[in-house]
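The values are calculated or read from the model by the stated rules, or taken from the named source; none is laboratory data. All values reported here derive from a predicted model rather than from experimental measurement. Using ideal geometry, Cβ is built from the backbone for each residue, glycine included, and neighbour counts are taken over all protein chains shown. Surface areas here come from the heavy atoms of the whole protein model, side chains and all, with no ligands, DNA or RNA. Shrake-Rupley method; radii C 1.70, N 1.55, O 1.52, S 1.80 Å.
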Amino acid sequence: MSASTSTVRWGRAVAEARTNIALVKYWGKRDAALNLPAAGSLSLTLDGLVTRTEVRFDGKLNEDRLVLNGKAETGKPVTRISQVLDLIAALAGGRERPRAQVESTNSFPTAAGLASSASAFAALALAGSGAAGLQLPPPALSVLARRGSGSAARSVLGGVVLMNRGTAADGLDSHAEELLSIDEARAWGLRMVVAVTSEGPKETLSTDGMNRTQETSPYYAAWIKSVDGDLAAARQAVLARDLPRLGELTEQSCLSMHASALAARPAVVYFRGVTIEGHRAVQQLRKAGTPVWFTCDAGPHIKALTDAAHADAVAAALGALPGVLSSRVCLPGAPAQLIESGSGAAA
Ligand code: PMV
């Protein structure tokens, strides 16, 4: 092992991060290798949908190991984790690193469009850097999480989060920042209702779906062109605490993103029948005076932005739709948190 490696304190750490739901969506990359987004995005970090991850560097291991919700993983999920751990080692100044045991548990269905990669890579970035003895400031942590998954860059922060596209070739300015803290977002009364429609893994992973959209959809350019304006308007709406305007932009951004994906060849379709019924139910509630707006991601689940006074009624209405398995009200959530760190079975 190299001299520089021996100066790094390889130990263990545990971190928690929450998922987030984009109000202005991220869909497309300007650099695939560095995982840089083609445009910025805006999200709400959610309470209750948590990934807890332990990273333990262990000189006795001869390969990285990943246990996800109690099940040992192999192949691509392990490779993605190893890449982030390699980046952490480079930041820590170690040319080589001990292999690591990574154990991760989600409090919600994995890979089904509930953005588990967002909370997973945010928790990994924090636990991994903590286990390497690093205390990274939020922008650096966000850059690191982004290398695992674009949306993970936002889960490093709490409340309402703005993801900067950035312009630097190395991507160091492509990170998230807090627009409203968790307390400010809660004081405003923001709520997200999440209605889960299936527990199974999604059909097209978000990276594959966005690549295909970018490469083949005649509407991709129009979608990307629309994001900057929507983002600026959404930022203004957040700062003005204008929920109807933010809601309108949220629904528009979601449907524009899916429109670009639907036009890919072959089409990238995340909607199921129940997703469309969810959209219709949200529209009907709104017609009847409820402040509620629809969104959905790379899966069939229905999400609805609303306020504290109406969230329970929205959850009940979506929960009653045939095909919805469960619905819950989520409050704005906290930033990623380091739960424990210390020396472990290191090199
Ligand atoms: O972070 P990824 O690569 O899983 O992409 C996330 C894509 C969407 O969830 C559909 C949109 C978003 O901004 O979160």
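By how many nm would the segment from Ala168 to Asp312 grow when fully extended, if each residue of separation counts as 0.36 nm and the alpha-carbon distance is taken off?
Working it through step by step, the gained length comes to 47.5 nm.
Which pairs break 29 Å Cα to Cα here: Lys25/Lys76; Lys29/Lys76; Lys76/Lys225; Lys225/Lys303; Lys25/Lys71?
Result: Lys76/Lys225; Lys25/Lys71 exceed 29 Å.
Starting at the first residue of the range 24-40, write each ³J(HN,Hα) from the Karplus equation 6.51 cos²θ - 1.76 cosθ + 1.60 with θ = phi - 60°, in whole Hz, x for Gly and Pro.
Working through the residues one at a time gives 10, 7, 9, 8, x, 10, 9, 8, 6, 5, 8, 6, 9, x, 6, 8, x Hz.
Long-range amide H contacts for Ile339: which residues qualify at under 5 Å (H placed 1.01 Å from N, peptide plane, sequence gap of 5 or more or a different chain)?
Hits under the 5 Å cutoff: Val14, Ala15, Glu16.
Just for the chain, what percent of DSSP beta bridges are antiparallel, to the closest 5?
95 percent
What percentages, rounded to whole numbers, describe P(r) for the chain computed over all alpha carbon pairs with 20 Å bin width beginning at zero?
Computed distribution, short to long bins: 32, 57, 11, 0.
Order these peptides, 248-254, 322-328, 301-307, 150-156, by their mean beta-carbon neighbour count within 10 angstrom, highest first.
The most tightly packed comes first, giving 150-156, 301-307, 248-254, 322-328.
Would you mind checking which residues have amide H under 5 Å from Glu96's amide H? H placed 1.01 Å from N; only 5 or more apart, or other chain.
Distant-sequence amide H within range of Glu96: Ser2, Thr5.
What do you get for the angle between helix 243-262 and the principal long axis of the chain? Use alpha-carbon atoms, 0 to 90 degrees, nearest ten.
Around 70 degrees separate the two axes.
Using θ = phi - 60° and the Karplus relation 6.51 cos²θ - 1.76 cosθ + 1.60, list the HN-Hα couplings for the range 145-161 in order, rounded to whole Hz, with x at every Gly or Pro.
Along the range 145-161, the couplings run 4, 4, 5, x, 6, x, 6, 5, 4, 7, 6, 5, 9, x, x, 9, 10 Hz.
In terms of modelled amide H atoms, which long-range or inter-chain residues lie less than 5 Å from the amide H of Cys330?
Met192, Val193, Val194
In terms of solvent-accessible area of protein heavy atoms at a 1.4 angstrom probe, what is the ranking of Ser198, Ser256, Ser41, highest value first?
Ser256, Ser198, Ser41
Between Gln284 and Ala240, with labels modelled 7 Å along Cα→Cβ, what's the label distance in nm to one decimal, could you check?
Label at Gln284, label at Ala240, 3.2 nm between them.
Between the range 214-249 and the range 272-302, what is the C-alpha centre distance in whole Å?
18 Å
With a 1.4 Å probe and all protein chains left in place, how much of the accessible area of the range 259-305 comes from carbon and sulfur atoms, in whole percent?
54 percent
Treat each spin label as a single point 7 Å out from the Cα along the C-beta direction, and report the Glu177 to Lys71 distance in nm.
4.1 nm
Could you please state, rounded to a whole Å, how far the C-alpha centre of the range 67-89 is from the C-alpha centre of the range 136-153?
First find each Cα centre; the distance between them is then 16 Å.
Mind telling me which of Ala13, Ala263, Ala122 comes out most flexible in a GNM of the chain, alpha-carbon contacts under 10 Å?
Result for the chain, Cα springs under 10 Å: Ala263 fluctuates most.
Add +1 for every Lys or Arg and -1 for every Asp or Glu among the other residues with Cβ under 14 Å from the Cβ of Thr216, and state the total.
0
Build a GNM of the chain with springs between Cα atoms under 10 Å: which of Leu61, Leu318, Leu144 gets the top mean-square fluctuation?
Top of the fluctuation ranking is Leu61.
Take the chain, connect every pair of alpha-carbon atoms lying under 10 Å apart with a spring to form a Gaussian network, then pick out the residue of Trp188, Trp27, Trp293 with the largest mean-square fluctuation.
Of the options given, Trp188 has the highest mean-square fluctuation.
Averaged per residue, what accessible surface does the chain expose to a 1.4 Å probe, in Å²?
Result: 40 Å² per residue.
On full extension of the chain, what length is gained from Ala320 through Ala187, given 0.36 nm per residue of separation minus the C-alpha to C-alpha distance?
Contour length minus the Cα-Cα distance gives 45.0 nm.
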